[in-house]
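What follows is calculated from the coordinates using simple rules that are stated; it is not laboratory data. No experiment lies behind these values; they were computed from the predicted model shown. Please note: Cβ atoms are built from the backbone with ideal geometry, for glycine as well, and neighbour counts cover all protein chains shown.
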Amino acid sequence: MKLILAFAPFLAIAPGMAFAQSYLPAPYKPSTTIRSIRQYQTPLNNYLFTARDGRTFNVFYSIPANATAGAQILFVMHGLNRDADRYAESFRYLAETEDIIVVTPEFTEDLFTTAQYQRIGIASNINAPENWTPKLIDEIFLDFTQRFNLQIGKYILYGHSAGSQFTHRALMFCESNYLDYAIAANAGTYTFPDEQVNYYLGIRNLLSRHRDLINRNFGRRLYVLTGNRDNDPNASNFTRSAEADRQGITRHERALNFYQASRNYCARNNVTFNWDLIIMDGVAHNYSATRPYVIDIITGKYNRSFQ
């Protein structure tokens, strides 16, 4: 179903100025309650994966002991510290308590620069989408399902912080036959559909070749998660610059503005918009705190219709 919205067009905002919110949902209270598990029964394993471009890196994974034919695969993308092992350990909970296989690739700084990880490798390969970093997730997915003889045709992509930057850009700009939907939590910067600003903060220099792809991908499912306590403008490892501050001066503010700007863009261009915004009440910049929201989404407990 195509959603036509009549909002004012997206305008640049001055640093610290709140973007006019035409849509702001109430904070969501997850149904899932994370319980303490003293000793996991689901093991955390890893193996070395070699991509087609020759890069070799760790892939951590947890497979539920009683995984069913309906099990789902969740890719977990780590943050700025490249601490895939910690993310894998935290999200092993989903493999322990749900029918969810968790896969966490380790994109180390020596192999994946900020431009290649958070910004998915577009800037140096604008005309070569086959070289954009999210293509590696498809490679890992196909290898993983073959390696473990899994009859699963799609995966879910989740990322927090730097991993959220990777995740929302992967959904916005990449084509994949295997990506089902994406969950992006607490990103530091976003790629706004701003036609006056170049990538990575806008899309101006991508439009001549990739406008149709960008417009199609607004029709894919993306859950934008933002903690309403992720609101420190001076937080460590939070990008502040005149250009970035046009998006807002906290992570929470930027998430709200990104979502609204995307709705406005779709309304102006008569584009299907299939994204959702979830405000995580009381959550700061903490990837473990996002787990109940992720579980609610994957298991269907979150049932707010797309707006």
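Numbers for the structure displayed
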item	result
Selection from Asn45, Phe75, Tyr265, by position along the positive dipole direction of the chain (Cβ)	Tyr265
Around Asp232: net Lys/Arg minus Asp/Glu count, Cβ-Cβ under 13 Å	+2
Options Tyr199, Ile279, Thr33, ranked by Cα towards positive dipole end of the chain, top entry (Cβ charges)	Ile279
Phi to ³J(HN,Hα) by Karplus 6.51 cos²θ - 1.76 cosθ + 1.60 over region 150-155, Hz, x for Gly, Pro	9, 9, 10, x, 9, 10
Net +/- balance of residues flanking Ala115 in space, Cβ distance below 12 Å, scoring K and R +1, D and E -1	+1
Proximal aspartates and glutamates relative to Lys29, as straight alpha-carbon distance under 14 Å, when same-chain residues fewer than 8 apart are discounted	Asp281, Asp296
Ascending count of other beta-carbon atoms within 10 Å, so fewest first, for Leu24, Leu206, Leu157, Leu74	Leu24, Leu206, Leu74, Leu157
Listed residues Leu48, Leu179, Leu256, most fluctuating in the chain (Gaussian network, C-alpha, under 10 Å)	Leu48
Within a Gaussian network of the chain (alpha carbon springs, distance under 10 Å), most fluctuating of Phe192, Phe238, Phe91	Phe238
Order of Ser208, Ser36, Ser262 - criterion: other Cβ atoms within 10 Å of each residue's Cβ, fewest first	Ser36, Ser208, Ser262
Fraction of antiparallel bridges per DSSP, the chain only, in percent to nearest 5	30 percent
Least to most buried among Ser241, Ser236 (fewest other Cβ within 10 Å first)	Ser236, Ser241
Long-range amide H partners of Tyr181 with built H, under 5 Å	Leu157
